[in-house]
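Taking it in order: structure first as C-alpha cells, then the write-up.
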Amino acid sequence: MRQLTVAVLLIVAIALQSSLRAVWQPLGYLDFTLILVVYFALQREPLLALITAAVAGLALDLISGPPALLGAAGFAEVVTAYAVYMVASRVMLDTTLLRIPVLFCASAIDNLVYVGMHRLFGQIPPMPFVQSLSYKVIATTVAGTLLLFLYDSYFSSKARQRRQFTVRRRVARRPSAAARRR
C-alpha cells in the first residue's frame, strides 16, 4: 500500500511540475518532485528517497525534451536526496524552521549538480545558471515549506494523535452528572 501511495504522489508531482509552466511561466520554477524527495529523505527512508529521486529525475528529463541532458535531473536529485538524508540522520530536523534551510540547500545542490552535468558534457543548460538558481531556490523553498507544514499540521501521524487527544481532553473536562447536582 505504501508503494502505491508513493507512486501516486510521484505521478501527481511530475504532472503538476510539467503542466504548471503552461498555466503561468513562473510556476515552472517550482520543483514538486524535489520537495517529495526531500520529504522522504527527512523521514530517514534512504532507499525510498533515492528510488523516488531517480524515477522523478528521469521522468522529468524525458518530459522536458531534447535540449536537456537525459539523466542529469535524475543524478542531481539522487545526489540531493543522499545529502539531505546524511544531514537528517545526524541532526534532528523535525521542525518547520529547520526545514527551510534544508529545502534551500537541497534546491541549490540540485541546481548546481544539474548545471554542472550539462557543463561537464558540453551541453548548454536550458536556462541561464543564475536565473535558474535564484528562481528555483526561492520558489521551491517557499512552496516546500508551506507544503511540508500543511502535511505536518493536518495529515501526519502526529496530527492524528493530536486530534485524538483533543477529543479525550474535551470528554475529560465535562463535568459529571454527580458534580452538577451538588
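The values are calculated or read from the model by the stated rules, or taken from the named source; none is laboratory data. Given the structure is predicted, the values throughout are model-derived calculations rather than measurements. We place every Cβ from the backbone using ideal geometry, glycine too, and count neighbours over all the protein chains shown. Each accessible area value is taken on the protein alone, full model and side chains, heavy atoms only, with ligands, DNA and RNA left out. Shrake-Rupley method; radii C 1.70, N 1.55, O 1.52, S 1.80 Å.
Listed here are the residues, each with its yes/no results for (1) among the small types (Gly, Ala, Ser); (2) at pLDDT 90 or above; (3) under 26 Å from Arg119 (Cα atoms).
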residue	(1), (2), (3)
Arg2	no, no, no
Leu10	no, yes, no
Leu20	no, no, no
Leu27	no, no, yes
Ile35	no, yes, yes
Tyr39	no, yes, no
Glu45	no, no, no
Thr52	no, yes, yes
Asp61	no, no, yes
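Among the residues of region 26-74, write down those that are in contact (Cβ under 8 Å) with a residue 24 or more places away in the chain, in contact with a Gly (Cβ under 6 Å, 6 or more places away or on another chain) and buried (at least 21 other Cβ atoms within 10 Å of the Cβ). Residues satisfying the conditions are Ile35, Gly57, Ala73.
Consider region 75-93 and keep the residues that are under 14 Å from the mean Cα position of the chain (by Cα) and open to solvent by 50 Å² or more (accessible area, probe 1.4 Å). The one that is farthest from Gln43 (Cα to Cα) is Tyr82. I'm trying to understand the selection: among the residues of region 109-140, which are touching a Pro at 6+ places or on another chain (Cβ under 9 Å) and either within 21 Å of Arg99 (Cβ to Cβ) or aromatic (Phe, Trp, Tyr) (or both)? Tyr114, Tyr135, Ala139 - these are the residues of region 109-140 that are touching a Pro at 6+ places or on another chain (Cβ under 9 Å) and either within 21 Å of Arg99 (Cβ to Cβ) or aromatic (Phe, Trp, Tyr) (or both). Taken together, the criteria exclude Tyr151 from residues that are within 21 Å of Ala15 (Cβ to Cβ) and either of a type in the set (Val, Ile, Thr) or surrounded by 19 or more Cβ atoms within 10 Å (Cβ to Cβ) (or both).
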